[in-house]
Amino acid sequence: ITDLVKPYNIDIYPNPTNENFTLEADFGKLVKVTLILTDVTGREVMQPEVIDDVSSIRRSFTIGHLGAGIYSVQLVTNEGVATKRLVKR
């Protein structure tokens, strides 16, 4: 598995957050991407979202129902996985 954080421009804000966050990613070419949110144990806490043929994405999420802690936002493409940390207060 290749770590793709550096080749792609990925931003999560606000981070830390209490309720909502926005994910922006620029892939620089068309890709199929799966968005996954996991807790520190690796358990998926959101239904994975598959997006076909995009070169960039911007999505807002509400996580007020989740407990405080550290989460991982994963963007999975055919080239590998990009992971960014998200802190929920």
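Some points to look at:
- Considering only residues in the stretch 40-54 that are surrounded by 12 or more Cβ atoms within 10 Å (Cβ to Cβ) and touching a residue at least 24 places away in the same chain (Cβ under 8 Å), the one that is nearest to N20 (Cα to Cα) turns out to be V45.
- Residue match in the stretch 20-36 (condition: assigned to a loop (DSSP other than H, G, I, E, B) and touching a residue at least 12 places away in the same chain (Cβ under 8 Å)): no
- For the stretch 70-89, a residue qualifies if it is farther than 24 Å from K32 by Cβ and either β-branched (V, I, T) or surrounded by 13 or more Cβ atoms within 10 Å (Cβ to Cβ) (or both), and the qualifying residues are I70, V87, K88.
- So F61, is it touching a Pro at 6+ places or on another chain (Cβ under 8 Å), modelled with pLDDT of 95 or more and aromatic (F, W, Y): no
The values are calculated or read from the model by the stated rules, or taken from the named source; none is laboratory data. Since this is a predicted model, take the numbers as computed values, not measurements. As a convention, Cβ positions derive from the backbone with ideal geometry for all residues, glycine included, and neighbour counts pool all protein chains shown.
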